[in-house]
Amino acid sequence: MATLGMLWFLILFPLVVAAVLLIVRNNQARNVIVVASAVVIGLASLVLVAANLGVDHWDSIPMTSPVAVDIICMVLGVAIAAIILYFGIKYKNMLACVLAAIQVIGSLVFELVFAHSVEVTECLYLDSLSLLMAFIIGIVGSGICVYAIGYMEDFQAHEPEGAADRRPIFFALMFVFLSAMFVIIFSNNMMWMFTGWEITTVCSFLLIGYTRTEEALNNAFRQIIMNLIGGIGFLVALYFMAIQMGTLSLLEFLQIGIMYPELVALPACALALAGITKAAQMPFHTWLLGAMVAPTPTSALLHSSTMVKAGVFLLIKLAPIFYLSTIPSVMVVLVGGITFVLCSFIAISQSNAKRVLAYSTIANLGLIVACAGVGTPEAVWAACFLILFHAIAKSLLFLCVGTAEHHIGSRDIEDMDQLFQRMPKLARFMMLGIMVMFIAPFGMLIAKWATLVSFVEMRQVALIVMLAFGSAATFFFWGKWLGKLSAIAAEPDNVELTVHKSEWGSLLLMVVLAILSCACLPLISQIVVNPYVYSVYGTGAADIQFENQLLAALLAIVVIVVLFAGVGQRNKSKQAQVYLAGYSADNEHRVFKNSLSGTTEASLRNWYMEGVFGEARIRPVGEWVCGIVIAAAIIISAFGTSVIF
């Protein structure tokens, strides 16, 4: 009962906070409410995780679906459709209106005709993957909400004079987002999960379109259209489950799928489509790129702890079915693998820091999707760690870029010269985030190595090649950025003294989480990830031996100590003349005499190779190939299912 109460608290408390924030208009009062609520949600998440560490089974919670909750889910579905229809009509986007109408009609017919006769006796559940996700949502998500206090104050200050202060709506949507994510990760009742799924979709729509500029609205509608397609796929799976299987329980669906994998090929493909759209995989990836127009807290929330993580969470849940069912597995593996390698290449051509983070996010999600599609215990182990390290590192990087943009006036990587001196603490934080993403011995690379081992063991040659080339591209674009941050060629003024305390607090939280996740990698494996793998497959995963995990953790600690050594020291170090690889003609302006006795100006500029790795060249290939793969898988699975029945 204590666990049940904690689950309901995490679901309902953010909704109460959101309602209060809509009413409160005083800035100081709102700031106090946001900080206090974030602390409460974070602590509640930690208590839930601590109380259930090591759970090695699916802990279903006996509770017949209350009629009131089912009615609320139906009402929310209609309300979501009404919101989309309202904005679709207002801004004359007919495709969004048509898709919303299809979904709400389909949902009402399903609820009133089919779902009422299907009883789910265990509507909520808990397992180690849910605990991992609860930690990410409760700690990382809440930290982003706190960061938004200072950021949105600066954001509002840059709005035109007389512009309405819409921050109450912004913060309310952030907390509704958290509530919906808790619904998704704790729901065994698939109708409840679907409701949370659609709430995240409409919250994302409203947050991306927050500024109401033409660009923001266009990108918001792109997001809603693509995710409505995924929502319709989810609904198709619900119809199949209720009519053909007589269940809306996720656990029962997985059990049937493991026993009769070909029987569930169609609903598995439909749910995979929903997960792929939510995880922004090709050809649906452009909605996540469009989310960059929103304020930075929105970008961080969508890319790290919510929205896209809902997509990969569902796909990992379906991994045992993918392991046994060929068609859904091929679909998910190919889409994830192609997205990983192509988006990694595209990221090379980007100089806008947010777009680099966006393409990197899509690429890493592709790797997680591919792991889920492979479906082996080792691949699922790797996917869980990829989710954890990606959520923390990307949150840190997005928040760093947002703060840097407000203080240096640009988010372009080429404008981050001397950031190590201009914003010394922030630059170190950003460097830590980048290193966690791609450098040994930090956790993300360990998870990628585990991914490679799992692909080798399954003889997935195509995936091995994709992982190799995609990882090489990853090294290329992260290395360029890291080099830019670490280059020091002057002693400019420190401009980070005016960073808001709420921003520093959230940034420090992400830094601590990044350090702890790397240092505690062996412990996390033993008490969280391995128990989940064992609960699903009845066996553990041993891609990386415990001793090697421990060695990686110790080395990561050493690197972190070196990185942050000297932070806060005010003693000025001695500065030497800049070495220009030749006789200096004008040291101040970085001009030197070259080997031909001419003069050359030295500049710290990266190579982006737009003509080779540009979006215009690569993106259409990925969109067409992945689109064909998804369409073919759904058609083949639908034909095969009709033959079975």
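The values are calculated or read from the model by the stated rules, or taken from the named source; none is laboratory data. On a predicted model such as this, the values are computed, not experimentally measured, just so you know. Using ideal geometry, Cβ is built from the backbone for each residue, glycine included, and neighbour counts are taken over all protein chains shown. Surface accessibility is based on the protein's heavy atoms, side chains included, excluding ligands, DNA and RNA. Shrake-Rupley method; radii C 1.70, N 1.55, O 1.52, S 1.80 Å.
Figures for the structure shown
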| quantity | calculated |
| --- | --- |
| Cross-chain or 6+ apart pairs with Cβ under 9 Å, segment 434-463 first and farther than 16 Å from Asn364 by Cβ and at pLDDT below 80, then in a loop (DSSP other than H, G, I, E, B) and of a type in the set (Lys, Arg) | none |
| Among the candidates Pro522, Pro492, residue that is at pLDDT below 80, more than 27 Å from Pro297 (Cα to Cα) and touching a helix residue (DSSP H, G or I) at 6+ places or on another chain (Cβ under 7 Å) | Pro492 |
| Count of residues meeting criterion [surrounded by fewer than 24 Cβ atoms within 10 Å (Cβ to Cβ) and assigned to a helix (DSSP H, G or I)] in segment 261-305 | 8 |
| Residue check, Ile139 open to solvent by 10 Å² or more (accessible area, probe 1.4 Å) and either closer than 25 Å to Ala216 by Cα or at pLDDT 85 or above (or both) | yes |
| Residue in segment 142-149 that is among the aromatic types (Phe, Trp, Tyr) and surrounded by 24 or more Cβ atoms within 10 Å (Cβ to Cβ) present | yes |
| Single match in Leu132, Leu217 (criterion: within 30 Å of Val78 (Cβ to Cβ) and surrounded by fewer than 24 Cβ atoms within 10 Å (Cβ to Cβ)) | Leu217 |
| The listed residue being modelled with pLDDT under 80, within 44 Å of the chain's Cα centre (by Cα), on the phi < 0 side of the Ramachandran plot and of a type in the set (Val, Ile, Thr), out of Val621, Val578 | Val578 |
| Asp165, sole failed condition from (1) of a type in the set (Asp, Glu); (2) open to solvent by 30 Å² or more (accessible area, probe 1.4 Å); (3) under 26 Å from Lys394 (Cα atoms) | (3) |
| Residue, nearest to Met152 (Cα to Cα), within segment 505-514, restricted to residues that are open to solvent by 20 Å² or more (accessible area, probe 1.4 Å) and in contact with a helix residue (DSSP H, G or I) (Cβ under 7 Å, 6 or more places away or on another chain) | Gly505 |
| Residue count, segment 410-440 (criterion: buried (at least 23 other Cβ atoms within 10 Å of the Cβ) and either in contact with a Gly (Cβ under 8 Å, 6 or more places away or on another chain) or in a loop (DSSP other than H, G, I, E, B) (or both)) | 3 |
| Residue ID - least open to solvent (accessible area, probe 1.4 Å), chosen from residues in segment 441-461 that are part of a helix (DSSP H, G or I), over 18 Å from Cys384 (Cα atoms) and in contact with a helix residue (DSSP H, G or I) (Cβ under 7 Å, 6 or more places away or on another chain) | Val456 |
| Those helices (runs of 4 or more DSSP H) lying entirely in segment 306-355 with at least 3 residues free of Cβ contacts under 8 Å to residues at least 40 places away in the same chain and open to solvent by 10 Å² or more (accessible area, probe 1.4 Å) | none |
| Of all residues making up segment 538-559, the number that are over 19 Å from Ala391 (Cα atoms) and buried (at least 18 other Cβ atoms within 10 Å of the Cβ) | 5 |
| Unmet requirement for Ile229, which otherwise passes all of (1) in contact (Cβ under 8 Å) with a residue 60 or more places away in the chain; (2) buried (at least 24 other Cβ atoms within 10 Å of the Cβ) | (2) |
| Single condition Gly106 does not satisfy, out of (1) open to solvent by less than 30 Å² (accessible area, probe 1.4 Å); (2) at pLDDT 85 or above; (3) in a loop (DSSP other than H, G, I, E, B) | (3) |
| Residue that is assigned to a helix (DSSP H, G or I), among the hydroxyl-bearing types (Ser, Thr, Tyr) and either open to solvent by 40 Å² or more (accessible area, probe 1.4 Å) or in contact with a Ser or Thr (Cβ under 9 Å, 6 or more places away or on another chain) (or both), where the choices are Ser525, Ser502, Ser517, Ser535 | Ser535 |
| Matching residues in segment 467-489 - criterion: being among the hydrophobic types (A, V, I, L, M, F, W, C) and open to solvent by less than 40 Å² (accessible area, probe 1.4 Å) | Leu467, Ala473, Phe477, Trp478, Trp481, Leu482, Leu485, Ala487, Ala489 |
| Which numbered condition Thr200 fails, given (1) open to solvent by less than 40 Å² (accessible area, probe 1.4 Å); (2) among the hydroxyl-bearing types (Ser, Thr, Tyr); (3) not in a helix (DSSP H, G or I) | (3) |
| Extreme residue, farthest from Val120 (Cα to Cα), among residues of segment 48-86 that are open to solvent by less than 50 Å² (accessible area, probe 1.4 Å) and among the β-branched types (Val, Ile, Thr) | Ile84 |
| Residue check, Thr361 within 30 Å of Ala631 (Cβ to Cβ) and within 14 Å of the chain's Cα centre (by Cα) | yes |
| Odd one out for Ser117, checked against (1) polar (S, T, N, Q); (2) closer than 17 Å to Pro66 by Cβ; (3) buried (at least 22 other Cβ atoms within 10 Å of the Cβ) | (3) |
| Residue pairs meeting the criteria (Cβ under 7 Å; at least 6 apart or on separate chains; first buried (at least 24 other Cβ atoms within 10 Å of the Cβ), in segment 356-382; second among the charged types (D, E, K, R) and assigned to a helix (DSSP H, G or I)) | Leu357/Lys394; Thr361/Lys394; Glu378/Glu457 |
| Answer from Tyr147, Tyr151 - the residue that is assigned to a helix (DSSP H, G or I), touching an Asp or Glu at 6+ places or on another chain (Cβ under 6 Å) and touching a residue at least 12 places away in the same chain (Cβ under 8 Å) | Tyr147 |
